[in-house]
């Protein structure tokens, strides 16, 4: 809209003191889950809420405002075998949640008035993370998004490095050195909270982009208050701390808030136990409207007759540490074992430093970390690390909701016009296809008999079965055998997936809906195609249902490729008819790949806002 037209429309709009707000009152309440404080510590944790009793005869519940608050306890330890070592001084940076708290959720089910309106499709966070990044603006991420587990910037695509098991073991292949070079993990890695520091040089001498770090990880860890410092001068800017300083250099200095005060308000904190165990406490805030579209579309209701079940990605992971004692340039993270059922929602960050005690301790052979709901267990890791069980000060998951009162005449009018409110919302179906060969052509019937599809989202990932050839380091007798990657990207503590994806190329991409090609000719999909497809999705459906480019820039997309094809075009008769959906493409990469396919379609139900009754 031309700015002149906007200014004229604003000037012409009627104004009234009585119409400043449609609400006469708005209050917030919460309900606890029905788990009674019992949560799994390995695999996925089922959390359940019964919201069917929420009813206010004098007001309405605004379903759109509903959000989850999940108490997260993350714990880690550096150890020599099973013996826990002293925590590094910079231990607050060692572990971090992957960007976006939604990645804690693997699947979610919503039942309204006894009818399932959102069924449990796996990897909900993989698609919803892309959709959220497609919709947020720069202002959003600077203000609100930080409270949702994002950072003020996206994960840096230029700090990504791909290493194979042989490369990590043999160091810089072809060089006449027997000592391995340091690497932050195996596979696709993006776990550097800051660039190499201490006495280690940075810059072009290390190769293109080798001086890059993931500022988003640094931002996520720096918001957590480090309460482990015994000297106030080393604490969080003298703002948070234990009280009077104990050092002569900070004599008389006091903090503004004590650790007890932080726990009272559930502030995200980091602490270290007497045995060297590192503990992070946080509250994951997840607005349900960004995770489940029907929640966003329901609006005001008298009775919120909902039952909600979702699985949280919890478990523990243990990585092997190589050459921690040699120097900052040779520290390497290796293979790992994990009890996370699917997605690993945390990263173990590469704390390589030439400064004593700041990085990983010199005798470290394992780093063991875990993420849990409410409380950490007494031991974890395949090489068992015995820890002190730590509980969060918030003992149960919560669902927060708002209660709204309308002026009586408006309330009556709203109820009368919404006795049979039609809810049109976005839903999706998930498919995964594995082991697509290098240079291989893929063609598959994805959905049989689907109505009202509006888009298909294809996300390629590196396959776990990729093998890397045996090799010999030049100038040495060292030989390294054939190795297998052994894990998917979303399982890795070094990869920021599912908050990020991969730079994998799909060519000759074609989608058929009802036997008709969606695009005229097979596409060698580029960022320009991505922009055209997402803009069509917004133009041909609506701003609420479609997606825009949002925060996704060309450099970010090329390192985190998501292939979106708009399916919203067509006649009304076609949309109401069941049609088959086929995709085909060529794997244009040097590795075997998997693809996750999310078929997005419009669903509907009819809601009585007075009684909460639902008709499908």
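Coordinate-derived values only; no laboratory data. Just so it is clear, the model here is predicted, and its values are computed rather than measured. Methodologically, a virtual Cβ is constructed for each residue, glycine included, from the backbone with ideal geometry; neighbour enumeration extends over all protein chains shown.
For the reader, a short list of remarks on this structure follows.
- With Cα atoms, 0 to 90° folded angle of helix 527-540 axis to the chain main axis: 20
- Distance in nm between pseudo-label sites at residue 578 and residue 470 (7 Å out along the Cβ direction from Cα): 5.4
- Correct choice for semi-axes √(5λ) of the Cα gyration tensor in Å that was computed from the model, options (1) 42, 34, 22; (2) 38, 31, 22; (3) 33, 30, 26: (1)
- Here each label is just a point 7 Å from Cα along the line to Cβ, and for residue 53 and residue 527 those points are 5.3 nm apart.
- Förster radius 45 Å - calculated FRET efficiency between residue 80 and residue 147, Cβ distance, rounded to 0.05: 0.70
- Remark: the residue 437-residue 239 segment gains 65.8 nm on full extension, using 0.36 nm per residue and subtracting the alpha carbon distance.
- Multiplying the residue separation of residue 260 and residue 400 by 0.36 nm and subtracting their alpha-carbon distance yields 48.0 nm.
- Across the stretch 364-414, the relative contact order, built from alpha-carbon pairs under 8 Å that are at least six residues apart, equals 25 percent.
- Average Cα contact separation per residue, the chain, under 8 Å, 6 or more apart, as relative contact order %: 24
- Distance from the stretch 570-616 to the stretch 403-459 (C-alpha centre basis), Å: 7
- Calculated FRET efficiency for the pair residue 520/residue 5, C-beta based, R₀ 30 Å, to 0.05: 0.25
- Extended-chain gain in nm, criterion 0.36 nm per residue less alpha-carbon gap, residue 28 and residue 120: 30.3 nm
- Within the chain, helix-based [θ] at 222 nm, where runs of 4 or more DSSP H residues each add -39,500 (n - 2.57), nearest 500: -4000 deg cm²/dmol
- P(r) histogram, all alpha-carbon pairs of the stretch 261-414 included - 10 Å bins from 0, percent: 8, 27, 28, 18, 11, 6, 3, 0
- Acute angle (nearest 10 degrees) that the helix 3-12 long axis makes with the longest principal axis of the chain, alpha-carbon atoms: 50
- Förster-model FRET efficiency, 25 Å R0, residue 482 and residue 158, C-beta, rounded to 0.05: 0.20
- Distance (nanometres) between label positions extended 7 Å along Cα→Cβ at residue 507 and residue 416: 6.5
- On Cα atoms only, tilt of 408-417 relative to the major axis of the chain in degrees: 90
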